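The values are calculated or read from the model by the stated rules, or taken from the named source; none is laboratory data. All figures in this text were calculated on a predicted structure; none of them were measured in a lab. Ideal geometry is used to build each Cβ from the backbone, glycine not excepted, and the neighbour counts take in all protein chains shown. Surface areas here come from the heavy atoms of the whole protein model, side chains and all, with no ligands, DNA or RNA. Shrake-Rupley method; radii C 1.70, N 1.55, O 1.52, S 1.80 Å.
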Amino acid sequence: MKPVCIVEDDLNIRELISYALDNNGYKATGFPDAKSLYAALEMEPMPRLFILDIMLEGEDGYAILEHLKNRAETKGIPVIILTAKTSEFDKVRGLDMGADDYVTKPFGVMELLSRVKAVLRRYGDTEERSILRHRGIEIDPQKRQTTVDGEEVELTYKEFELLYYLMNNVDVVLTRDRIMNEIWGYEYAGETRTVDVHIRSLRQKLGEQGAAIKTVRNVGYKLSRE
């Protein structure tokens, strides 16, 4: 059974999601707010996935997301945002903060289950991937470790996945839509700004080696051999 934590203040929605997950091979635990979630995380084993509502009493979902991504025990656990907030700004904000998917209400249960499976599938295959090297960059998926010119560099989960994807496609021009679909697992038409944000951050963290990530104007990016 794969444990999933749900933070949702609407009891009916919380029970609906829990019922669907429990009947599809997961072990769902629901919480109405941040306080109850944090208390449980001190006592229970870490889940495989968090599902967060945004509009909550007290700490909202963005604050919970930030807390989870800043905590060593939970920063590598995927997060799906489930909310009635549908604006592009809210979606991009959630993704930029480290969420792995963004599902808007009202939602279909089967669609949500599909998103859950897709996110966990992306996290589950990292152990099978091999070490890659490009110029002074080395990336070890098994250890989730990146080094640049021999020095370890700390990347977020999405930055790591993005770099690994680029290093698997050296000199291949990757469109923003393709990157979005591959790394985030779905397509948000017109919302690929998050790709640019992550590329910019990745370049900064890679230092001089970041220059190998080339912008292909009006198209996307590539990792150059030059």
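Some notes on this structure:
- Pairs with Cβ under 6 Å, 6+ apart, first in region 214-226 and closer than 20 Å to ARG135 by Cβ, second open to solvent by less than 80 Å² (accessible area, probe 1.4 Å) and of a type in the set (Asp, Glu): ARG225/ASP171
So that you can scan it fast, the table gives a plain yes or no per residue for (1) of a type outside the set (A, V, I, L, M, F, W, C); (2) within 15 Å of the chain's Cα centre (by Cα):
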| residue | (1), (2) |
| --- | --- |
| ILE13 | no, no |
| LEU16 | no, no |
| GLY25 | yes, no |
| ASP33 | yes, no |
| SER36 | yes, no |
| ALA40 | no, no |
| GLY58 | yes, no |
| LYS75 | yes, yes |
| ILE81 | no, yes |
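- Residue identified as among the hydrophobic types (A, V, I, L, M, F, W, C) and farther than 27 Å from ILE179 by Cα among ALA84, ALA99, ALA34: ALA34
- Taking region 135-226 and the helices (runs of 4 or more DSSP H) fully enclosed by it, the elements with 1 or more residues that are open to solvent by 60 Å² or more (accessible area, probe 1.4 Å), in contact with a Gly (Cβ under 9 Å, 6 or more places away or on another chain) and under 22 Å from THR86 (Cα atoms) are at 176-179.
- Scanning region 85-107 for residues that are small (Gly, Ala, Ser) and modelled with pLDDT of 85 or more, we see that the one that is surrounded by the fewest Cβ atoms within 10 Å (Cβ to Cβ) is GLY98.
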